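Single-structure report; data block below.
Any read-out appearing in this document is the output of simple, stated calculations on the displayed coordinates, not a laboratory observation. Please read all numbers here as calculations on a predicted model, not as lab measurements. Ideal geometry is used to build each Cβ from the backbone, glycine not excepted, and the neighbour counts take in all protein chains shown.
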Amino acid sequence: MSPLHSIVQLSDLHMLAEGALLYDKIDTAANLTAALASVETLGGDIEAVVLTGDLAPIPTTTAR
């Protein structure tokens, strides 16, 4: 039986500005790009991508 809905969940992205490294090691923008490329290889009709958990590593009142 095929699923009724196809939803992708990405959690705890801890996003920084492009070019910035988390803990001086992790390129969060590149990781998100790679994750979304992997999602594209799944095929099918994905109805939603849900971003949950910590979207940024530190609380801020302004987005960059």
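Before moving on, here are some points about what is shown:
- 5 Å binning of all Cα-Cα separations within the chain, expressed as whole percents from 0 upward: 4, 14, 23, 21, 16, 10, 7, 3, 1, 0
- Cα-based helix-to-principal-axis angle, 28-41 vs the chain, degrees rounded to 10: 10 degrees
- Between Asp12 and Glu40, the simple spin-label model (points 7 angstrom out along Cα→Cβ) gives 2.7 nm.
- Within the chain: Cβ-based charge dipole about Cα centre, in debye rounded to nearest 20 (Lys, Arg +1; Asp, Glu -1): 120 debye
- For the chain, the list of GluC sites (Glu not before Pro) that fall in a loop by DSSP and count at most 15 other C-beta atoms within 10 angstrom reads Glu18, Glu47.
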